[in-house]
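Report on the structure given below.
The values are calculated or read from the model by the stated rules, or taken from the named source; none is laboratory data. Quick caveat, the model's predicted, so the values are computed rather than measured. Cβ placement follows ideal geometry from the backbone for every residue including glycine, while neighbour counts extend to all protein chains displayed. These accessible areas exclude ligands, DNA and RNA; they are computed on the full protein's heavy atoms, side chains included. Shrake-Rupley method; radii C 1.70, N 1.55, O 1.52, S 1.80 Å.
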Amino acid sequence: MHSNQNVLIIGFVFPEPNSSAAGSRMLQLISVFKEQGWSVTFASAAADSDFMFDVESLGVQKKNILLNDSSFDLFLTQLAPTVVLFDRFMTEEQFGWRVAEQCPEALRILDTEDLHCLRKARELAWKENRKFESADLISAVAKREVASILRCDISLIISEFEMEILQNIFKVDSALLYYLPFLLSPIENNIIKNWCPFEARKNFIFIGNFLHEPNLNAVLFLKESIFPAIKNLMPHAVLCIYGAYAPQKVLQLHDPKTNFFVMGRAENAEEIVKNARVVLAPLRFGAGIKGKLVEAMWCGTPSVTTTIGAEAMHLNGTWNGCIADDVTDFAIAAVNLYEQKTLWLAAQKNGITIFNHRYLKSSHLLDFINRVLIIKGNLKQHRYNNFTGAMLLFHHAMGTKYMSKWIEAKNNNG
């Protein structure tokens, strides 16, 4: 097996690690590939942004590409990647057939980020004021997302719960799935020693990217129900809301009279979390694993979240704080954690255990690289075993290819 790979990552956007967990996740994957001595090119059809990470500083080639344009085919043949990673299923839908056509021998990896069909199904159930059921998963988004997973050689799944859904409900062969959570350095004593002590910390905080619907919903929930319940128990409580891309309806919630502060984008999220006493994350729907809650553990900051927030993140029910779904329970847990040092320290300790058990790069790295190389070395047989994927790729390529060529012709004649 030739281990010196030429990796092409096709990003949904250029990574913004200070804006979202998805951005951090992408940089973790890039660093894994670079550490193997593999060459990495990062391409995206999205516009450059003011907050995007300079991937070239990591020795990564950056490339702006076009949708529905055969210039991408030329770029592919010149680059000749041996591994292509798609960032989210929408990217695979756009570019997957071109990769399969121009570079048939390239291993195709899908990084799902989180299971979009699960997040959307839960959001719909919440909006319809009813309990989420497995049947909600069978949606147009699921058909697109699972088809994308089947067309790829391997899909990276960030949550064990999502692994179970894909195998049990959608009957996806486990050979096509790989559980890969965040890949981080351990919380060691030198980090713990530098944490701000209980007495020096203050305020409740929420932090999250507002382009992500569950975060927007959680902040409205905090404003309307949870923070008033906290204030009843603790009149001087202060809550600061941080997050990138806050829309007007979030900015309008800023209310200094009630100590509800909308602070906007965090210049340095880690510093803010390290100085806060408790992170609040009342997520009513969502999927994947939550970057804000992993970051809270990394910063030694206990958190209060919901069952969905802690899904596939807790360790046998233990949490870096409290898990509560009812407004009153959530408020009581938040105040107790804020005011009781022994409770707070025990929660912080749980966070260290969970983090070091679940999210260490060293626990996942070698196995992941081996899995990639083994599939790459047996690609013909691997694809032979996945007839459904080959069939979906065939039909998808037919439909998408001619639609794309029609759009390109229309654009050129426009």
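Which numbered condition trips up SER19, out of (1) out of contact with any Gly (no Cβ under 8 Å at 6 or more places or on another chain); (2) under 21 Å from VAL372 (Cβ atoms); (3) modelled with pLDDT under 95?
Condition (2) is where SER19 drops out.
Based on what the data block shows, is ALA312 over 23 Å from CYS196 (Cβ atoms) and out of contact with any Leu (no Cβ under 9 Å at 6 or more places or on another chain)?
yes
Determine if segment 301-324 includes at least one residue that is of a type in the set (A, V, I, L, M), part of a helix (DSSP H, G or I), free of Cβ contacts under 8 Å to residues at least 24 places away in the same chain and surrounded by 20 or more Cβ atoms within 10 Å (Cβ to Cβ).
Checked against the condition, which is being of a type in the set (A, V, I, L, M), part of a helix (DSSP H, G or I), free of Cβ contacts under 8 Å to residues at least 24 places away in the same chain and surrounded by 20 or more Cβ atoms within 10 Å (Cβ to Cβ), segment 301-324 yields at least one hit.
Can you tell me which residue among THR342, THR328 is open to solvent by 70 Å² or more (accessible area, probe 1.4 Å), in a helix (DSSP H, G or I), polar (S, T, N, Q) and in contact (Cβ under 8 Å) with a residue 40 or more places away in the chain?
THR328
Can we say ILE149 is in a helix (DSSP H, G or I) and in contact (Cβ under 8 Å) with a residue 12 or more places away in the chain?
yes
In segment 88-143, what count of residues is obtained for those that are aliphatic (A, V, I, L, M), open to solvent by 10 Å² or more (accessible area, probe 1.4 Å) and in contact (Cβ under 8 Å) with a residue 40 or more places away in the chain?
Of the residues in that region, 2 qualify.
Can you list the helices (runs of 4 or more DSSP H) found entirely within segment 177-252 that contain at least 1 residues being surrounded by 18 or more Cβ atoms within 10 Å (Cβ to Cβ)?
Here the list reads 213-221, 227-233, 248-251.
Which of the residues belonging to segment 273-300 are buried (at least 24 other Cβ atoms within 10 Å of the Cβ), closer than 19 Å to ASN203 by Cα, within 17 Å of the chain's Cα centre (by Cα) and not hydrophobic (A, V, I, L, M, F, W, C)?
Hit for segment 273-300 is LYS292, nothing else.
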